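*Asks:* Below is the structure I would like to discuss, written out as structure tokens.
The values are calculated or read from the model by the stated rules, or taken from the named source; none is laboratory data. All of these numbers come straight from a predicted model, not from anything done at the bench. Neighbour counts run over all protein chains shown; Cβ positions are idealised from the backbone, glycine included. Surface accessibility is based on the protein's heavy atoms, side chains included, excluding ligands, DNA and RNA. Shrake-Rupley method; radii C 1.70, N 1.55, O 1.52, S 1.80 Å.
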Amino acid sequence: MDRDVLTIETATIADVPAAQALIDGARQWLRARGIDQWQDPVPDAVLLRDAEQGNLFVARQDEVIVAMVTVSESDSEAWGVDYGPALYVHRLAVAQTHRGSRLGQRLLAWVEARAADRGAACVRLDCATDNPGLRRFYEQHGFRHVRDVTVTSLDGGRQLASSLYERELAR
């Protein structure tokens, strides 16, 4: 398998089970490290909505889905009402078999190119406040910590501490 050949495409409803499997793998990996991120299930309805709205993207290598990301133009719960154009990253997950292959970095670069093409000023994302490794990853890739907020889990079950990050795009 050539790990450098990567195709990123809009996901279909048929891709939702594979996307859910990526999230499940990440959930287990995080749990084993005592990190609370993604320990609440992502309802299938959320991923189905993302796919139906054209916001869910999958990365394939040799026809196998190895990563995913949701990209949207707003995130009012975490970020509030924003006055500048931005793209928001959610649910970025990489297959456990591809950990360390820089797929996360490549997906972020793809999102940044997409944002620039759409005239966005920045890319924004959030992660669990108690996930120091992921926070460090974002900071090492040029994202600036903006603030911490409390958000509701996707299944509505509890409140979660979330750290907001943004990366301004070169104009």
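*Asks:* Placing unit charges on C-beta atoms (Lys and Arg positive, Asp and Glu negative, everything else neutral), compute the dipole magnitude of the range 82-140 about its Cα centre in debye, rounded to 20.
*Replies:* Working: 9 positive and 6 negative charges, 52 e Å.
Charge dipole of the range 82-140: 240 debye, to the nearest 20.
*Asks:* Quick one: Debye curve from the alpha-carbon atoms of the range 23-101 only, equal weights, vacuum; give me log10 I(q)/I(0) at q = 0.14, 0.15 Å⁻¹ to two decimals.
*Replies:* -0.56, -0.64
*Asks:* Given Cα pairs under 8 Å that are at least 6 residues apart, what percent is the relative contact order of the chain?
*Replies:* Computed over the chain, the figure is 21 percent.
*Asks:* Another question, if that's okay. What's the magnitude of the charge dipole for the range 116-171 around its Cα centre, counting Lys and Arg as +1 and Asp and Glu as -1 at the beta-carbon? Answer in Debye, nearest 20.
*Replies:* Working: 9 positive and 8 negative charges, 31 e Å.
Dipole magnitude for the range 116-171 comes out near 160 debye.
*Asks:* Check each of the trypsin sites (Lys or Arg not before Pro) in the range 1-84 and keep only those in coil by DSSP with at most 15 other C-beta atoms within 10 angstrom; list them in order.
*Replies:* R3, R33
*Asks:* Once label points are set 7 Å from the Cα along Cα→Cβ at both A18 and E73, what is their separation, rounded to one decimal in nm?
*Replies:* 2.8
*Asks:* Let me ask something else about it. Using a 1.4 Å probe on the protein heavy atoms, what percent of the accessible area of the chain belongs to carbon and sulfur? The partial results should precede the final answer.
*Replies:* Numbers: 4320 of 8750 Å².
Whole-percent figure for carbon plus sulfur exposure: 49.
*Asks:* Okay, next question. Under a Cβ-only charge scheme (Lys and Arg +1, Asp and Glu -1), can you give me the dipole magnitude of the range 1-158 about the Cα centre, in debye to the nearest 20? Don't skip to the answer; put the middle values down first.
*Replies:* Numbers: 18 positive and 23 negative charges, 115 e Å.
Its charge dipole is roughly 560 debye.
*Asks:* Can you give the Kirkwood hydrodynamic radius of the chain from its Cα pairs, in Å with one decimal?
*Replies:* Numbers: mean 1/r = 0.0612 Å⁻¹.
Answer for the chain: a Kirkwood hydrodynamic radius of 16.3 Å.
*Asks:* Measuring with a 1.4 Å probe in the full set of protein chains, what accessible area per residue, in whole Å², belongs to the range 1-118?
*Replies:* 51
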